[in-house]
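The values are calculated or read from the model by the stated rules, or taken from the named source; none is laboratory data. Treat the numbers as computed from the prediction; the structure is a model and nothing was measured. In this analysis, Cβ positions are derived from the backbone assuming ideal geometry, glycine residues included, and neighbour counts consider all displayed protein chains. For the accessible areas, the whole protein counts, side chains as well, though only heavy atoms, and no ligand, DNA or RNA atoms are used. Shrake-Rupley method; radii C 1.70, N 1.55, O 1.52, S 1.80 Å.
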Amino acid sequence: MGNTTSLDIDLLRSFVLIAEGESFTRAAVRVGRSQAAISLQVQRLEALVGHQLFVRSRGGGVRLTAQGFYLLDRARDLVGLNDDIVASLRAEPQHATIDPAMQQRSAAKGAPPPWARASQPSIAVMSFQDMSGESEHEFYADGVVEDIVVGLSRIKWLIVIARSSTLTYKGKLVDVRQVGRELGVHYVLQGSVRRTGRNVRITVQLVDAETGKQVWADKFDGKQDDVFDLQDQITDRVVGIVEPNVQRSEIERSRRRRPERLDAYTLHLRALPYVTARMPDQVNLALPLLHQALRLDPDYAAAHALLALCHMLRYARAGFNPADRSAALEHAHAAIADSTDDATTVAAAGFAMLFSEEQDAGIGEIDRALSLNPSCATALYLGAQVHAIAGHGEIATFLADRALRLSPFDPLAFEAHLALGETALRQGRYNDAAACFARAARANVNFSTCYFFQAMAMVLADYGADPGRVVRRGMELEPDFRVRFVYESGIAPPIAEKLVEGSRLLGLRE
């Protein structure tokens with residue numbers, strides 16, 4: 001194959017992208033270069049190895065030569081190894097990836113891989129099985145997996161095992177629990193790709209590697225003409241759905257741990273459902289867990305972000321105590337003090353600034369979270385609510401629709417329905433608003449605001465149904481509700497005025 005000592009990673013990465021996408025143009029877009037620059041790279045690589053690597057096909061695509069096929073697997077391995085090393089040097093210790101050779105040495109000594117001892121969850125994305133029986137389709141299946149790995153890597157509380165570690169299982173029938181033991185991961189993502197004519201079907205499933213139990217599964221259908229668009233859609237959906245499903249599974253796992261084995265991460269997980277409930281009595285149960293987490297790890301950004309949410313909710317729903325608003329801002333600032341790149345933490349901190357004079361800064365943090373991970377379900381749901389309250393109806397609707405499409409059964413789905421309802425209310429679509437608030441109430445049956453807002457929209461719409469039953473349910477959950485909540489919540493005046501009008505028509509207390 002010629003003198004390979006002069007090969008560099010940049011050349012090999014472009015080669016791999018061209019081979020997988022069967023296109024110079026797509027590779028150029030992915031690496032941010034011109035097509036001419038990519039072509040020059042290929043010419044240089046072919047000169048170095050002494051062989052032609054690609055041939056042009058009809059329609060402007062490219063195909064690998066026999067020598068190109070020979071080089072591809074080796075190029076992938078080198079690029080993967082390079083990325084593993086760079087990631088391990090740049091990442092914080094708990095996010096570092098592990099060299100497969102180190103894993104094998106550990107296994108030989110009978111010790112678990114280093115990441116198996118980490119408290120946070122970990123996942124391995126296996127090579128997707130090509131069900132079409134045609135070798136050229138294998139490139140597409142590998143491309144789907146690589147995009148999913150990149151997407152999942154944006155979830156900073158989730159350890160994603162490097163692709164080079166899972167390639168050893170490619171083409172083999174293995175037990176998920178065996179993979180879990182050997183790689184030391186909590187979860188395994190598996191899938192398959194089937195092409196029939198112009199149709200493409202991709203199936204994906206998330207499995208608990210400890211029990212072998214399926215956590216989630218879905219299928220995606222598309223046309224061969226749109227395979228790259230379909231690939232992007234699949235990546236978005238998988239990342240959007242895996243995050244809340246893993247989190248839900250981890251919460252259940254945390255509840256099974258003995259009290260003497262609780263660490264900061266587990267305490268944070270135990271507090272999370274209480275905060276998601278959004279009600280003061282539940283929030284008060286979260287506070288001691290989060291304070292204990294910070295005693296164990298004073299710089300734990302995720303715990304600070306949840307504490308910020310707790311105090312924000314206490315302020316808005318339990319007496320408007322200025323000390324709670326101050327505490328919310330203090331913990332929100334602590335959560336983002338080190339410029340954390342965890343989208344979930346950044347979004348929670350931004351949301352906690354909602355009921356303060358720093359609402360604009362909070363919106364900025366929400367937007368930063370979405371730039372860190374556009375598929376983060378938490379950032380999408382909280383972003384929809386923040387932008388709706390600020391009166392940014394188009395943005396709120398876009399984020400709410402995207403959140404519900406990517407993760408429809410998320411515990412925060414009620415936030416999207418609230419955002420859509422608030423936007424409809426602002427536009428004078430009172431029937432639509434009432435319907436959205438009703439969906440929010442079904443998504444979170446114990447959140448009083450959903451019922452109060454639904455009743456307000458109903459009375460404004462002259463709904464034809466008695467809003468009294470809805471108000472009574474709200475009062476059962478929050479007997480001390482006051483209209484002051486609308487004024488204190490930072491809701492844009494065009495929305496607040498209509499909510500106040502509806503509350504007065506209902507006879508609610510100021």
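Can you give the calculated 222 nm mean residue ellipticity of the chain, where each DSSP H run of n ≥ 4 adds -39,500 (n - 2.57) and the sum is split over every residue, rounded to the nearest 500 deg cm²/dmol?
After summing the helix terms and dividing by the residues of the chain, the value is -19500 deg cm²/dmol.
Which whole-number percent is the relative contact order of the chain (Cα, under 8 Å, 6+ apart)?
Dividing the mean separation by the residue count of the chain yields 8 percent.
Sticking with the crude label model, points 7 Å out along Cα→Cβ, report the distance from Thr65 to Arg442 in nm, one decimal please.
Reported label-point gap for Thr65 and Arg442 is 6.1 nm.
Modelling each spin label as a point 7 Å along the Cα-to-Cβ direction, I'd like the Lys223/His51 distance in nm, to one decimal.
3.7 nm
Which of Asn373, Ala434, Ile159 sits farthest toward the positive end of the charge dipole of the chain, with +1 on the Cβ of Lys and Arg and -1 on the Cβ of Asp and Glu?
The listed residue farthest towards the positive side: Ile159.
Arranged from highest to lowest average of other beta-carbon atoms within 10 Å per residue, in what order do the peptides 358-371, 15-28 appear?
In descending order of packing, they fall as 15-28, 358-371.
Net charge within 13 Å of Ala318 by Cβ-Cβ distance, Lys/Arg positive one each and Asp/Glu negative one each, not counting Ala318 itself? Spell out each step's value before the answer.
Working: positive: Arg278, Arg314, Arg317, Arg325, Arg482, Arg484; negative: Asp281, Asp324, Glu478, Asp480, Glu488.
Taking every other residue near Ala318 into account, the sum is +1.
I'd like the orientation of helix 35-49 relative to the chain: the angle between its Cα long axis and the longest Cα principal axis, in ° from 0 to 90, rounded to 10.
Roughly 40 degrees between the two axes.
Roughly how many Å² is the accessible area per residue of the chain, as a whole number, for a 1.4 Å probe?
44 Å²
Given all pairs of different Cα atoms, what value in angstroms does the Kirkwood hydrodynamic radius of the chain take?
Hydrodynamic radius (Kirkwood, Cα pairs) of the chain is 25.0 Å.
Using a cut-off of 14 Å between beta-carbons, work out the net charge of the residues near Ala379 (Lys and Arg +1, Asp and Glu -1, Ala379 not included).
Within the 14 Å Cβ shell, the charges total -4.
Pairing the Cα long axis of helix 66-90 with the longest principal axis of the chain, what angle in degrees results, from 0 to 90 and rounded to the nearest 10?
Tilt relative to the chain: about 40 degrees.
Taking 0.36 nm per intervening residue step and subtracting the Cα-Cα distance, what contour gain separates Arg429 from Val150 on full extension?
96.4 nm
For Leu505 and Ser326, what does the FRET efficiency come to when R0 = 35 Å and r is the distance between their Cβ atoms, rounded to the nearest 0.05? Walk me through the intermediate numbers first.
Details: r = 35 Å, r/R0 = 0.99.
E(calc), rounded to 0.05, equals 0.50.
Could you tally up the Lys pairs in the chain with alpha carbons closer than 25 Å? Skip any pair fewer than 8 positions apart unless they're on separate chains.
Total qualifying Lys-Lys pairs in the chain comes to 7.
With a 10 Å radius around each residue's Cβ, average the other Cβ atoms per peptide and rank 494-504, 432-442, highest first.
432-442, 494-504
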